[in-house]
Amino acid sequence: MQKFNYHTHTYRCGHADFNQSDEDYVVEYIKMGFKDIAFTDHAPEKVRIDKRTNMRMDYHEREDYLNSIKYLKEKYRDAINIKTGYEVEYLPNEEDNLKELKNETDILILGQHFIYDDNKNLKIFGRNEFTNDELIRYANYIDTAIKLGIISILAHPDIFMLSMNEFSEIEEKITHMICSTAEKYNIPFEINLGNIYARVYLRNMNYDNLSDEEKEAILSRVRYPNRRFWQIASNYNIKVLYGIDAHYKGQILAYDKLVNIANEIIGKDTIDKLNFIDKL
Ligand SMILES: [Zn+2]
Ligand SMILES: [Zn+2]
């Protein structure tokens, strides 16, 4: 099983475990046998665009964040490789700010949680409904962001399913668009384990003891990974890796189970076709 994870948050974002220090995550990863990790907390904004509270650190917190990770990188260098990074969203006119963030860190992962609508308001997956044109804009933003040449991983590429009830024609179309770009620019896709943890373990502590029907009912509420998305992706030459999207220690502890559930959702035939990588 994959023993690296490039998707870890910290208490600074405001919606991760507040009692968990950066070092607590590192210690947990080492205990679980991980060899290579990255902290990729939600990127701060120089000028505030995302008006939600508790979504990301303030811009002035960057220094404390990066210093803390660099300190841990040095302290645990014999046990584990640690990278600094951010999970970023692309928005038009934010290119320079993204490049600045890249210059400060080892990796950026693209977690495109939202887009602008025609009036330049944020449309957020899981909060808003999306028109077909807006879904296409999501794919176009990913394309533009990847072409900047500063993105190392596309996190939860199927996150748009948070706002969609079924996977129909338009979903298929944007999946092909995103896959074409990723293949062309050699950008790995992340099978994100965060929604599984949120829907399965965070709400059903005794999930493992439930009946098959009960488990099935719970799994049907997981929005990503999406089975159809990954079936399509498996027909492209795209690198793939799992991402814990850690906001809680429990996600690292439950890692093996989360991977098994993700594989079950995606299906063995597709999993066998995917091109899993050994390291970044
Ligand atoms: Zn988060
Ligand atoms: Zn994340």
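None of the figures in this text is laboratory data; all of them are computed from the coordinates on show. Note that the structure is a prediction, hence the values are computed from the model and not measured. Positions of Cβ are backbone-derived with ideal geometry, glycine not excepted, and every protein chain shown enters the neighbour counts.
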Principal axes of the chain: Cα extent on each, largest first, Å: 49, 48, 34
Computed magnitude of the charge dipole of the range 4-276 (debye, nearest 20; Cβ of K, R +1, Cβ of D, E -1): 220
Residue-averaged 222 nm ellipticity for the chain, from DSSP H runs of 4+ at -39500 (n - 2.57), nearest 500: -11000 deg cm²/dmol
Residue among Ile252, His156, Val26 farthest towards the positive dipole end of the chain, charges placed on Cβ: Val26
Under 19 Å from the Cα of Lys35 - aspartates and glutamates, other chains or at least 8 residues apart: Asp22, Glu23, Asp24, Glu74, Asp78, Asp106, Glu190, Asp245, Asp256, Asp278
Relative contact order [Cα under 8 Å, 6+ residues apart], the chain, whole percent: 19
Average projection area in nm² (convex hull over Cα atoms of the range 110-153, one quarter of hull surface): 3.3
Under the span-like rule (Cα at least 15 Å along the axis, Kyte-Doolittle mean at least 0.0), DSSP H helices of the chain: 255-266
Principal axis dimensions, the range 215-276 - Cα atoms, whole angstrom, descending: 34, 26, 16
Label-point gap, in nm, between Asp78 and Asp272 - each point 7 angstrom along Cα→Cβ: 4.4
Rough spin-label spacing in nm, given labels placed 7 Å along Cα→Cβ, for Gln231 and Asn209: 3.6
